[in-house]
Every structure is written in structure tokens, then in C-alpha cells.
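Visitor: Just passing along the structure, written as C-alpha cells.
Derivation of every value follows stated rules applied to the coordinates shown; laboratory data play no part. Keep in mind the model is a prediction, meaning the values are calculated, not measured. Virtual Cβ from ideal backbone geometry, glycine too; neighbours counted across all protein chains shown.
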Amino acid sequence: AVAGGTVELGCGAQGDPAPRVQWHKESGDLPWGRHEVDQEHTLRLYAVTAADAGAYVCTAQSQLGSATATAHLRV
């Protein structure tokens with residue numbers, strides 16, 4: 001990603017019942033005031049900086065179990 005830009009990380013989680021989806025950064029917190037997650041579970045990071053680089057993990061959980069996926073961001 002280019003510093004100052006916006007990054008979108010998708011997380012395609014489906015099921016019945018619908019899973020609960022959460023994003024977190026593997027080491028550290030999501031950038032305070034510069035991120036959002038939409039209804040399709042896409043994580044958007046705004047005005048990215050070098051400090052935002054790292055692994056971002058999407059976790060989907062339901063009564064039937066859980067699944068995770070990791071995206072690695074380089075700035």
C-alpha cells in the first residue's frame with residue numbers, strides 16, 4: 001500500500017446462522033480513528049502509515065465453530 005492511501009481487506013464469511021466477524025491486528029491495535037468495518041465485513045484503513053504494516057486477522061465465529069484468515073499489509 002502507498003502511505004496516505006486507503007486499504008480494503010475483505011473477509012468473506014457466510015453461514016446459517018450468520019457468523020460473528022471480528023478484525024484485529026496480530027501485534028498491536030487497529031489504527032484508532034482511521035478504520036471501519038462495513039456490513040460485508042470489509043476492513044478499511046484510512047491514511048495508512050508505515051506503523052500500520054503487519055498482519056491483520058479476520059475471525060468468523062458461530063455455533064458451529066470458527067475460522068480465521070490473515071492478510072499481510074506492507075506500506
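Here is a yes/no grid of residues against (1) of a type outside the set (A, V, I, L, M); (2) more than 13 Å from the chain's Cα centre (by Cα); (3) part of a loop (DSSP other than H, G, I, E, B):
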position: 1; (1), (2), (3): no, yes, yes
position: 5; (1), (2), (3): yes, yes, yes
position: 14; (1), (2), (3): yes, yes, yes
position: 23; (1), (2), (3): yes, no, no
position: 36; (1), (2), (3): yes, no, no
position: 44; (1), (2), (3): yes, no, no
position: 56; (1), (2), (3): yes, no, no
position: 67; (1), (2), (3): no, yes, no
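Visitor: Pairs needed: first member in region 15-26, over 13 Å from residue 60 (Cβ atoms); second member anywhere, surrounded by 10 or more Cβ atoms within 10 Å (Cβ to Cβ) and aromatic (Phe, Trp, Tyr); C-beta distance under 6 Å; at least 6 residues apart or different chains.
Guide: So the pair list comes out as 25/56.
Visitor: Within region 25-34, work out how many residues are of a type in the set (Lys, Arg), in a loop (DSSP other than H, G, I, E, B) and closer than 12 Å to residue 73 by Cβ.
Guide: Number of matching residues: 0.
Visitor: Then there is this: Kindly provide the set of residues from region 31-50 that are at negative phi, out of contact with any helix residue (DSSP H, G or I) (no Cβ under 7 Å at 6 or more places or on another chain) and touching a residue at least 24 places away in the same chain (Cβ under 8 Å), ordered by number.
Guide: If we filter region 31-50 for residues that are at negative phi, which is where we start, we get 31-32, 34-40, 42-46, 48-50.
Narrowing further to those that are out of contact with any helix residue (DSSP H, G or I) (no Cβ under 7 Å at 6 or more places or on another chain): 32, 34-40, 42-44, 46, 48-50.
Once the filter is applied, which keeps residues that are at negative phi, out of contact with any helix residue (DSSP H, G or I) (no Cβ under 7 Å at 6 or more places or on another chain) and touching a residue at least 24 places away in the same chain (Cβ under 8 Å), region 31-50 yields 40, 42, 43, 44, 46, 48, 49, 50.
Visitor: Pull up region 1-54, narrow it to residues that are aromatic (Phe, Trp, Tyr) and surrounded by 12 or more Cβ atoms within 10 Å (Cβ to Cβ), then point me to the one that is farthest from residue 68 (Cα to Cα). Spell out how you get there, then give the answer.
Guide: In the first step, residues of region 1-54 are kept if they are aromatic (Phe, Trp, Tyr); the result is 23, 32, 46.
Applying the additional criterion that residues be surrounded by 12 or more Cβ atoms within 10 Å (Cβ to Cβ) yields 23, 46.
Values: 23: 10, 46: 23 Å.
Filtering region 1-54 for residues that are aromatic (Phe, Trp, Tyr) and surrounded by 12 or more Cβ atoms within 10 Å (Cβ to Cβ), the one farthest from residue 68 (Cα to Cα) comes out as 46.
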